[in-house]
Every structure is written in C-alpha cells, then in structure tokens.
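The values are calculated or read from the model by the stated rules, or taken from the named source; none is laboratory data. Predicted model, so just to flag it, every value in this text is computed and none were measured. Here Cβ is always computed from backbone atoms with ideal geometry, including for glycine, and neighbour counts include all displayed protein chains.
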C-alpha cells in the first residue's frame with residue numbers, strides 16, 4: 001500500500017527505496033526533500049553491491065531526494081556531511097553510547113554497525129541534478145544472524161523502542177539542514193574526522209585479499225583514507241578494495 005503525506009511517501013514493501021526514488025526522478029515527479037519510507041525492502045542496497053537485509057517493521061529504510069548545492073567535485077564531502085548528520089541524531093537516542101562513522105559511511109554504535117548510507121547521483125552532463133540518499137538503520141531488532149556478529153540496533157544498545165517514522169523525520173531534517181548550509185569543506189571534514197571510527201588506532205584490513213595492519217589517521221575531502229602502513233609511512237587507501245576485519 002502506498003500512503004502519501006506532505007513530503008513523505010510511505011510504502012509497505014518495495015524492492016529498494018533508492019530504486020523507487022530514482023524512478024520518481026525519471027518520471028519527473030521528484031522534488032527536493034521528498035522522502036520515501038518503507039516497512040520492508042526486498043532488494044535493499046548496501047555498499048559495493050551488497051544486499052541490506054531487513055525484517056518488516058524493524059528497520060529504518062528510507063531514501064531522501066535532494067537537489068545538491070555542493071560542487072560535483074565535492075561528492076564525498078556531501079556524503080561525509082550526511083553521515084555526520086545521521087550520527088548526530090543517533091547519538092541523541094543512544095545517550096552514553098559512542099556513535100562513530102566507519103569509512104566511508106557506515107554508522108557505528110559501541111563498535112558495532114547500526115546503519116549505513118548509499119548515495120546515488122543523477123547527472124546531466126557535468127551538472128549535479130539530484131542526489132538520492134539511501135539510509136538503513138537497525139532500530140527494533142533484538143537479534144541478528146550469527147554471521148552478522150558485528151551488527152547492533154538502537155533497541156539492543158538502549159533497551160528502548162524507537163518510533164521509526166519519528167527518527168526518519170529527524171534524520172531527514174538534519175540532512176536537509178546540512179544540505180542547505182554554508183559549511184566549508186574544512187568544517188565538514190573536521191566534523192567527519194572527529195567521528196571517524198578507530199581513528200589513531202591500529203586496525204586489520206583485508207586489502208585485495210591480503211591482511212594488513214594499519215593505523216587510521218584521517219579521511220581527505222576526496223574520500224581517500226590516510227593511514228600509516230606497516231612501515232610507518234603514510235598511505236592513501238581508496239574505497240573499493242579494502243574491507244575492515246571485524247574482531
């Protein structure tokens with residue numbers, strides 16, 4: 001069933017809220033700030049082609065359509081600002097728990113993954129026409145499959161039940177506020193790096209099927225992760241071939 005409210009489309013089930021939002025753009029039915037919220041996704045998208053698994057009514061599954069005012073060369077800066085906006089809202093709900101951002105844009109609560117962001121852009125030539133911000137956050141789940149031992153939810157972390165529509169609107173407002181702000185690149189990246197998961201800590205990564213120990217330092221405006229490698233030298237990692245090894 002499709003339900004519409006001012007600026008909000010609510011769906012019982014959809015293949016992907018991002019797909020639905022992209023179709024609205026294709027059909028010339030999109031507008032800045034329009035939100036698509038679903039109870040269940042059958043083909044939810046994660047980073048690098050992964051599937052975002054969910055149970056009906058237990059996760060925040062949403063996309064928001066925006067007309068970006070940022071330069072196309074600052075796509076990662078935009079993504080970083082979105083992740084910060086989401087993390088700040090979740091921090092309000094999790095109180096004394098620590099919320100961080102795992103490069104590039106996974107949302108971490110108490111060192112476990114609570115959510116993620118997938119951004120898809122619509123370009124006309126070199127003009128950035130629309131961006132679709134897809135967001136998945138574990139809200140009401142109290143258990144996960146064994147292979148998802150690194151996952152958590154707001155319910156697990158707080159013991160409380162959160163109204164999904166309420167947090168959807170809070171996150172949407174925070175993202176829209178960021179999207180319309182005049183924050184500089186340096187300001188956005190400083191906020192992002194302040195929340196960077198395991199910053200200044202040694203981490204193990206799987207880099208092109210090779211296990212490596214690196215020290216996380218910071219993320220650059222172009223999205224490159226600055227790390228100190230095994231030889232004590234700074235190195236830039238580009239997202240795509242690396243994967244964190246969860247303890």
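Does residue 143 meet the test of being free of Cβ contacts under 8 Å to residues at least 12 places away in the same chain and either within 16 Å of the chain's Cα centre (by Cα) or assigned to a loop (DSSP other than H, G, I, E, B) (or both)?
Spelling it out, residue 143 is indeed free of Cβ contacts under 8 Å to residues at least 12 places away in the same chain and either within 16 Å of the chain's Cα centre (by Cα) or assigned to a loop (DSSP other than H, G, I, E, B) (or both).
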Open item on the list: I need a count of the residues in region 86-106 that are under 14 Å from residue 188 (Cα atoms) and surrounded by 22 or more Cβ atoms within 10 Å (Cβ to Cβ).
Closed with: 4
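Only one of 132, 162, 122 is surrounded by fewer than 23 Cβ atoms within 10 Å (Cβ to Cβ), within 24 Å of residue 73 (Cα to Cα), in the same structural domain as residue 36 (by TED's automatic domain parsing) and touching a strand residue (DSSP E or B) at 6+ places or on another chain (Cβ under 9 Å); which? Steps first, answer last, please.
On the way: 132 fails: surrounded by fewer than 23 Cβ atoms within 10 Å (Cβ to Cβ); 162 fails: within 24 Å of residue 73 (Cα to Cα).
Being surrounded by fewer than 23 Cβ atoms within 10 Å (Cβ to Cβ), within 24 Å of residue 73 (Cα to Cα), in the same structural domain as residue 36 (by TED's automatic domain parsing) and touching a strand residue (DSSP E or B) at 6+ places or on another chain (Cβ under 9 Å) holds for just one of 132, 162, 122, which is 122.
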Open item on the list: Tell me yes or no: at least one residue of region 38-57 is closer than 14 Å to residue 119 by Cα, in contact with a strand residue (DSSP E or B) (Cβ under 7 Å, 6 or more places away or on another chain), assigned to a helix (DSSP H, G or I) and at pLDDT below 95.
Closed with: yes
- [ ] Report yes if residue 228 is closer than 18 Å to residue 150 by Cβ and either buried (at least 16 other Cβ atoms within 10 Å of the Cβ) or within 17 Å of the chain's Cα centre (by Cα) (or both), otherwise no.
- [x] no
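Table: residues versus (1) under 21 Å from residue 133 (Cα atoms); (2) over 17 Å from the mean Cα position of the chain (by Cα).
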residue: 149; (1), (2): no, yes
residue: 166; (1), (2): yes, yes
residue: 170; (1), (2): yes, no
residue: 178; (1), (2): yes, no
residue: 182; (1), (2): yes, yes
residue: 186; (1), (2): no, yes
residue: 213; (1), (2): no, yes
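Confirm whether residue 172 is in contact (Cβ under 8 Å) with a residue 24 or more places away in the chain and assigned by TED's automatic domain parsing to the domain that holds residue 75. Don't jump to the end; show me each part of the working.
Values: in contact (Cβ under 8 Å) with a residue 24 or more places away in the chain: yes; assigned by TED's automatic domain parsing to the domain that holds residue 75: yes.
In short, yes.
For region 94-110, enumerate the residues that are in a loop (DSSP other than H, G, I, E, B) and either more than 20 Å from residue 205 (Cα to Cα) or without any contact (Cβ under 8 Å) to a residue 12 or more places away in the chain (or both). So that I can check it myself, show each step before the final result.
Applying the first criterion (in a loop (DSSP other than H, G, I, E, B)) to region 94-110 yields 95-98, 103-105, 110.
95, 96, 97, 98 - these are the residues of region 94-110 that are in a loop (DSSP other than H, G, I, E, B) and either more than 20 Å from residue 205 (Cα to Cα) or without any contact (Cβ under 8 Å) to a residue 12 or more places away in the chain (or both).
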Task: Enumeration of residues in region 177-210 that are out of contact with any strand residue (DSSP E or B) (no Cβ under 9 Å at 6 or more places or on another chain), part of a helix (DSSP H, G or I) and either free of Cβ contacts under 8 Å to residues at least 24 places away in the same chain or surrounded by 13 or more Cβ atoms within 10 Å (Cβ to Cβ) (or both) - done: 178, 185, 186, 187, 188, 190, 191, 194
Open item on the list: Suppose we keep only residues that are within 19 Å of residue 224 (Cα to Cα) and in contact with a helix residue (DSSP H, G or I) (Cβ under 6 Å, 6 or more places away or on another chain) within region 76-85. Which one would you say is surrounded by the most Cβ atoms within 10 Å (Cβ to Cβ)?
Closed with: 80
